[in-house]
């Protein structure tokens, strides 16, 4: 759904002022010319009832002034409506950012991710099962506003969550990285999940111009130890956050 921004409103208001000024000049010229021609007939050489002519003359002048007042009052009303609309847009923008931010903050973060990854890796190791991990790296458009960036990440999280099994779990690892743990999932199925998620993210990509890079990693096909899996995750995280993994993961 298209939204009206401040530049569009300013452009509409500017065109409204131009039309108002043009209309006012047009009315002044016509009314002034007509009043000039009427003046001698009304005040210098009146024919018939002079008071009737004078009432008509002053009535015409008053009508012209009322019309000019109406033109500028209409423009003033539009200006007030524009300010109210901008306030509503800013309030809706704030609510949108807050809603998207709340959704992202409500998601399990990297601390929960490390705990879950440790537990699932130990289970896969002891039961000789597969464990897959899908990492999603997002890149928002450079010209996107803060609201669009938050909304893109929020919509992406909701879109991916809809395609996961009850046993799967998704985590918000950093500002632009999501991690999805897929227990008992082999390499082929992990790639299928990544492809399905790419298809589900297509509307978000088209709406916000956001790109998504999904990579699937599997134990034991791609990694043989928790250290290798941990290093893969760390390479996706910002440098200041990558070493916050708990000691238990490395100990496995």
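A few points about this structure:
- Scattering profile of the range 6-104 at q = 0.19 Å⁻¹ [log10 I(q)/I(0), Debye over alpha-carbon scatterers]: -0.92
- Spin-label model distance (nm) - residue 41 vs residue 95, 7 Å beyond Cα toward Cβ: 6.0
- Mean Cβ neighbour count within 10 Å, used as a protection proxy, ranking 212-223, 22-33 highest first: 212-223, 22-33
- Square roots of five times the Cα gyration tensor eigenvalues for the chain, Å: 74, 14, 13
- Residue-averaged [θ]222 nm for the chain, counting only DSSP H segments that reach four residues, each worth -39500 (n - 2.57): -22500 deg cm²/dmol
- Remark: spin-label model distance residue 81-residue 11 equals 1.9 nm, labels positioned 7 Å along the Cα→Cβ axis.
- Our compactness index for the range 108-251, the C-alpha radius of gyration over the empirical 2.2 N^0.38 Å, is 1.03.
Bear in mind that the values in this text are calculations on the coordinates, not laboratory data. It should be emphasised that the depicted structure is a prediction, and the values quoted were computed from it without experimental measurement. Using ideal geometry, Cβ is built from the backbone for each residue, glycine included, and neighbour counts are taken over all protein chains shown.
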